[in-house]
Amino acid sequence: MTAAPLLEVADLHVTFPGGVRAVRGLGYAVEPGEVLGIVGESGAGKSAAALAVMGLLPPGAEVTGSVRLCGRELRGLPDRELSAIRGRRIAMVFQNALSALTPVYSVGDQIAEAIRAHRGASRRAARVRAVELLDLVGIPDAARRAGALPHQFSGGMRQRVMIAMAIANDPDVIIMDEPTAALDPTVQAEILEVFRETTADTGAAIVMITHNLGLVAGFADRVMMMGAGRAVEAGDVDDVFYRPRMPYTAGLLAATPRLDAADCEVRRREGRDDRVVVLEVDGLVRHYPLVKGAVFRRRRGTVRAVDGIGLDVREGETVALVGESGCGKTTTLREILRLAAPQEGRVVVLGRDVAGLGRAERQAQRRNIQIVFQDPLAALDPRRTIGDSLAEPLTTHGMPRRDAGVRVAELLRLVGLEPAHAARFPYGLSGGQRQRVGIARALALKPRLILLDEPVSALDPSVQAGVLTLLAELKARLGLSYLFVAHDLTVVRHIADRVVVMHLGRVVEIGSVQDVYAAPGHPYTRALLSAIPLPDPTAERARRRIVLRGDPPDPANPPSGCRFRTRCPVYAALPDERRERCAERVPELREIGADHRVACHYTEAVPTR
């Protein structure tokens, strides 16, 4: 006998001022203990529908339809009654935990406030319960950390706080709006594991909103595909993933990069030593002073953002720099892009050590090295047309304005846009089109090397696939070399020739894509690979995921010896007499195969499957 639905949504419509119809006739139901995944591209209406269910849309939005929680109609209830239900019977985990939490109150006080508001508990009892919840969601030293402010937590830990607040009153329904979109894969895997554990006993229904089909494959029971405000397809996860009936669904599945794809291109490694070295980095160091105090500012330590890394990029090659947030990837790009003497080490571009470049030589060398940023909207001047933004580097380097106009039209065609787009402003383009403009701007001066800083992380899968295809075509046509920064290893597998894995300012593994993915030699690399969700329900359920416990170490006070040991599953399994080596000696990169090096004392203890 089927259980009565906890949440029923019927014929839901949301219209914003100006006649924008964000949601058009949406309907679904979730039963106790069930997880419903709602998937769609940006602008599909997923978040608008969730906010309508919660009664949190702005006053100008027009909402019609029915929203029933445990048989009770929520639409039309006064705000006072809705406030009593929100957080108690139905809770929501927002995408950006930092903006959802009050910055001036401790996380413990904010959780305790939610408990007192709905349960009438005493201040002391609410505080004790808040600490219990923080411990339940995996916050280490919960009693002490309960007094910390939100900005003193990492992104993953803040999201845990949001989960603790959502489950504080044992709600019947939890709505998750892209709860892991801004998190690293390792943190993402840990957050989903927390949700599985904390909701298993309560029987709460979960509505998970996402554009990540891999997350839905392993976490959801049913899935609903949304497009243009409507439900396009719905059904059991296996039915939708293996037997999609709508072209929209099939297109999203086909566009999602897979870590286990059997048809991934096998890239040539032969002759690498014979190719020109476009970029060489050796022993690069960038440390920042840690200064505290608003009035009397004093140095309290040193942040070791980059701590002696080395890599090289050859002609026509894509080298990926991967790792969790804070590992030093973007700092490395900035140091290379400065074309100035680093604190320590060497940066050599096309055979020239940048430390010896004069002002004029540095200006000339900048033609050879360009960058594409993660957020194309922030990288483009909103007050200038696309044509003006593309012409700026050309005229700066002496090209006449008339010739620059011709070159702008060429660049737009090169990246798959029309010359007419030159008259538009950035806000008039889609996310994918803006990123193509960013690529066109990087190509303007015909560089030899392009630095790519998470260029597709903010894009939907279908748009992401188009940009990755464009980058591959441009590399082959123009003979470019890429240094590609990413934390999504599925993307890296499909575009890179070599992989450099960074952890806390150091390189822990380096080698060809084939070698690193087939036989990862460092436990950190293996954890990164195991955290990537697969858009395949059967394969995802059968996987054994490695969950890294606790916060990453503080870069201002890293652990002695191996910096990964505090979260390393291999170190945790070692007997005490063998741990001393990890605690006292910094592991150096050593060969474990042809062109495959790993910085680990106990590589032989790392399983490859």
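Considering (1) within 15 Å of Leu445 (Cα to Cα); (2) of a type outside the set (A, V, I, L, M, F, W, C); (3) open to solvent by less than 20 Å² (accessible area, probe 1.4 Å), the lone condition that Gly323 does not fulfil carries the number (1).
Could you tell me whether the range 38-58 includes any residue that is assigned to a strand (DSSP E or B), closer than 16 Å to Asp172 by Cα and open to solvent by less than 60 Å² (accessible area, probe 1.4 Å)? No, the range 38-58 contains no residue that is assigned to a strand (DSSP E or B), closer than 16 Å to Asp172 by Cα and open to solvent by less than 60 Å² (accessible area, probe 1.4 Å).
Give the range 592-605 a look and list any residue that's among the acidic types (Asp, Glu) and either crowded, with 18+ Cβ neighbours inside 10 Å or farther than 15 Å from Val499 by Cα (or both), or say none. If the condition is that a residue be among the acidic types (Asp, Glu) and either crowded, with 18+ Cβ neighbours inside 10 Å or farther than 15 Å from Val499 by Cα (or both), then Glu604 is the only one that fits. The set of residues in the range 567-609 that are aliphatic (A, V, I, L, M), in contact with a His (Cβ under 8 Å, 6 or more places away or on another chain) and either farther than 15 Å from Pro523 by Cα or not in a loop (DSSP other than H, G, I, E, B) (or both) contains only Val598. Residues in the range 357-387 that are among the polar types (S, T, N, Q) and within 30 Å of the chain's Cα centre (by Cα) were compared, and the one that is nearest to Ala442 (Cα to Cα) is Gln370. Of all residues in the range 129-169, exactly one satisfies the criterion of being part of a loop (DSSP other than H, G, I, E, B) and among the charged types (D, E, K, R), namely Asp141. Just to be sure, is Thr330 of a type in the set (Ser, Thr, Tyr), under 27 Å from Leu489 (Cβ atoms) and open to solvent by 30 Å² or more (accessible area, probe 1.4 Å)? Judged against the criteria, Thr330 is a match.
Residues that are surrounded by 15 or more Cβ atoms within 10 Å (Cβ to Cβ) and touching a Ser or Thr at 6+ places or on another chain (Cβ under 9 Å) do not occur anywhere in the range 100-107. Of all the criteria given as (1) surrounded by fewer than 17 Cβ atoms within 10 Å (Cβ to Cβ); (2) touching a strand residue (DSSP E or B) at 6+ places or on another chain (Cβ under 8 Å); (3) charged (D, E, K, R), the one not satisfied by Arg89 is (1).
Restricting the first member to the range 556-568 and to residues that are touching a residue at least 12 places away in the same chain (Cβ under 8 Å) and open to solvent by 40 Å² or more (accessible area, probe 1.4 Å), and the second to residues that are aliphatic (A, V, I, L, M) and part of a loop (DSSP other than H, G, I, E, B), the beta-carbon pairs closer than 9 Å and six or more apart or on different chains are Ser560/Val586. Residues of the range 421-464 that are farther than 20 Å from Val408 by Cα and open to solvent by 30 Å² or more (accessible area, probe 1.4 Å): Ser457, Ala458, Ser462, Val463. Looking at Ala228, Ala168, Ala189, Ala217, just one residue is open to solvent by less than 10 Å² (accessible area, probe 1.4 Å) and over 21 Å from His487 (Cβ atoms), and that residue is Ala168. Within the set Leu149, Leu134, the sole residue that is out of contact with any strand residue (DSSP E or B) (no Cβ under 8 Å at 6 or more places or on another chain), of a type outside the set (Ser, Thr, Tyr) and surrounded by fewer than 19 Cβ atoms within 10 Å (Cβ to Cβ) turns out to be Leu149.
Going through the range 572-582 one residue at a time, which ones are touching a residue at least 24 places away in the same chain (Cβ under 8 Å) and open to solvent by less than 60 Å² (accessible area, probe 1.4 Å)? Matches in the range 572-582: Leu574 only.
Residues in the range 198-211 that are out of contact with any helix residue (DSSP H, G or I) (no Cβ under 8 Å at 6 or more places or on another chain) and open to solvent by 10 Å² or more (accessible area, probe 1.4 Å): Ala200, Asp201, Gly203. Checking the stated criteria, Arg526 turns out not to satisfy the condition of being open to solvent by 10 Å² or more (accessible area, probe 1.4 Å), at pLDDT below 95 and within 17 Å of the chain's Cα centre (by Cα). Each residue in the range 15-37 was checked for being in a loop (DSSP other than H, G, I, E, B), among the small types (Gly, Ala, Ser) and either in contact (Cβ under 8 Å) with a residue 40 or more places away in the chain or open to solvent by less than 10 Å² (accessible area, probe 1.4 Å) (or both), and 1 of them qualify.
Scanning the range 102-116 finds no residues that are modelled with pLDDT under 95, closer than 30 Å to Leu429 by Cα and either of a type outside the set (Ser, Thr, Tyr) or under 26 Å from the mean Cα position of the chain (by Cα) (or both). Consider Ala594 carefully, then state whether it is of a type in the set (Gly, Ala, Ser) and under 30 Å from Gly301 (Cβ atoms). So Ala594 does not fit the description; no. Would you confirm, using the coordinates I've provided, whether Val240 is in contact with a helix residue (DSSP H, G or I) (Cβ under 9 Å, 6 or more places away or on another chain), modelled with pLDDT of 85 or more, open to solvent by less than 50 Å² (accessible area, probe 1.4 Å) and assigned to a strand (DSSP E or B)? So Val240 fails the test.
The values are calculated or read from the model by the stated rules, or taken from the named source; none is laboratory data. Quick caveat, the model's predicted, so the values are computed rather than measured. Cβ atoms come from the backbone with ideal geometry, glycine included; neighbour counts cover every protein chain shown. With ligands, DNA and RNA removed, areas are computed over all heavy atoms of the protein, side chains included. Shrake-Rupley method; radii C 1.70, N 1.55, O 1.52, S 1.80 Å.
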